[in-house]
Amino acid sequence: MTDTQILDLFAARDERAIEAAKKQYENGCFKIALQILRRREDAEEAVNDMWLKVWDSIPPARPERLFAYLSSAVKNCSLDLLAARNANKRGDGEYPAALDELSECIASKDNPEQQVDAKLLRDAIGRFLDGISADARTIFVERYTRLTPISEIADKFGISTSKVKISLMRTRNKLKTYLKKEGWI
């Protein structure tokens, strides 16, 4: 079933929409939740919470890319669950570490003058990622979207942890330059 067909089922408030979306995207959503939560039971709970939120938000929302929408929803549900369960141990330390690494590139929520519309910033980051090498993009997405630990990225790509760190540092620096040029920071 195509995304358009699934979204049509959501629009018609047909419960088959959830089943069709689960069939296509539940494994990917579960993997994202597991990367954040590190416990199978918590990841299953986050995915279940995500389905309820998606059911409540489509319609009126009609996302262009369903998996991107689901990924964002499951990530938010996972982070909410993590915060509720144990605020000091988010993502086994990966979530705060990843955010800290990106802090120089993205405006602080504490500074109202620097706040930007989240969708426009996401689009700008997407354009930036489209313009860098596939390897750098993949490592960046693994770290900052899936919150994969640096050691796991290194193992996954068969490179050293220092090479991953250098790639991430260079990409963050390029992102910072790009966002300055675009007027975001």
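The values are calculated or read from the model by the stated rules, or taken from the named source; none is laboratory data. Quick caveat, the model's predicted, so the values are computed rather than measured. Here the Cβ is made from the backbone with ideal geometry for all residues, glycine too, and neighbour counts use every protein chain on show.
Listing for the model above:
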| quantity | calculated |
| --- | --- |
| Residue among 147, 168, 175 that alone is among the hydrophobic types (A, V, I, L, M, F, W, C) and on the phi > 0 side of the Ramachandran plot | 147 |
| Number of positions in region 142-174 that are within 20 Å of residue 34 (Cα to Cα) and part of a loop (DSSP other than H, G, I, E, B) | 5 |
| Enumeration of residues in region 34-50 that are acidic (Asp, Glu) and over 17 Å from residue 147 (Cα atoms) | 41, 44, 45, 49 |
| Residue within region 18-27 that is within 30 Å of residue 149 (Cβ to Cβ), surrounded by 15 or more Cβ atoms within 10 Å (Cβ to Cβ) and modelled with pLDDT under 90 present | no |
| Residue in region 67-75 that is among the aromatic types (Phe, Trp, Tyr) and either over 24 Å from residue 123 (Cβ atoms) or crowded, with 21+ Cβ neighbours inside 10 Å (or both) present | no |
| Filter pass, residue 79 being closer than 13 Å to residue 36 by Cβ, surrounded by 11 or more Cβ atoms within 10 Å (Cβ to Cβ) and modelled with pLDDT under 85 | no |
| Selection count, region 4-43, where residues are over 14 Å from residue 71 (Cα atoms) and either in a helix (DSSP H, G or I) or touching a Ser or Thr at 6+ places or on another chain (Cβ under 6 Å) (or both) | 18 |
| Residues being assigned to a helix (DSSP H, G or I), touching a Phe, Trp or Tyr at 6+ places or on another chain (Cβ under 8 Å) and closer than 15 Å to residue 3 by Cα - total across region 49-82 | 5 |
| Residue under evaluation residue 57, criteria (1) polar (S, T, N, Q); (2) buried (at least 19 other Cβ atoms within 10 Å of the Cβ); (3) more than 20 Å from residue 147 (Cα to Cα), criterion not met | (2) |
| Residue 52 under 21 Å from residue 143 (Cα atoms) and surrounded by fewer than 19 Cβ atoms within 10 Å (Cβ to Cβ) | no |
| Cβ pairs under 9 Å, 6+ apart, first in region 66-88 and acidic (Asp, Glu), second modelled with pLDDT of 90 or more | 80/46; 80/49 |
